[in-house]
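Read the figures in this text as sums done on the coordinates, not as results from a lab. Only a predicted model underlies this, so the values are computations on that prediction, with no experimental measurement involved. All Cβ positions, glycine included, derive from the backbone under ideal geometry; neighbour counts span all protein chains shown.
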Amino acid sequence: MGEGTIVIWSFRACVNASIALLKDCFRGCRLRLVPSIHRRSRMAWCGQLGNLNVVPRSKPELQQELAERLGVSPSDVAEDANLRDLGLDSIGVIGIVSRWQRDGLRIEIAEFAAAPTLKSWWSLISR
């Protein structure tokens, strides 16, 4: 088991309660629970939290995330629209990019701040 792995030991009668507890504790996270057998026939439920896929995987996904952050329609976030003009300030950039960096993105916040358009951001993320 790697970093970000949570193990809940339980007997069959407690399995559903453990799953409900895990899901409640990590509400908003993508949590994959898989049963595994450990020595002495105990059942363990392992929740992998390692890669939550926070960094957008497509340009429409990035557009949707930016629109939600800005409180506008995705169609308002055109490829060349200046995100500052749409209401994204430096604190917003820091919040978004910091979350992506925790998910493994290795691009500096300053690079995103210097080119505040959907097209530029997607170019940075997809390289």
**Request:** From zero up to wherever the largest Cα-Cα distance of the stretch 50-127 sits, split into 10 Å bins and tell me the percent of pairs in each.
**Result:** 19, 61, 20, 1
**Request:** Take the Cβ-Cβ distance between L70 and R106 as r, set R0 to 25 Å, and report the resulting FRET efficiency rounded to the nearest 0.05.
**Result:** 0.50
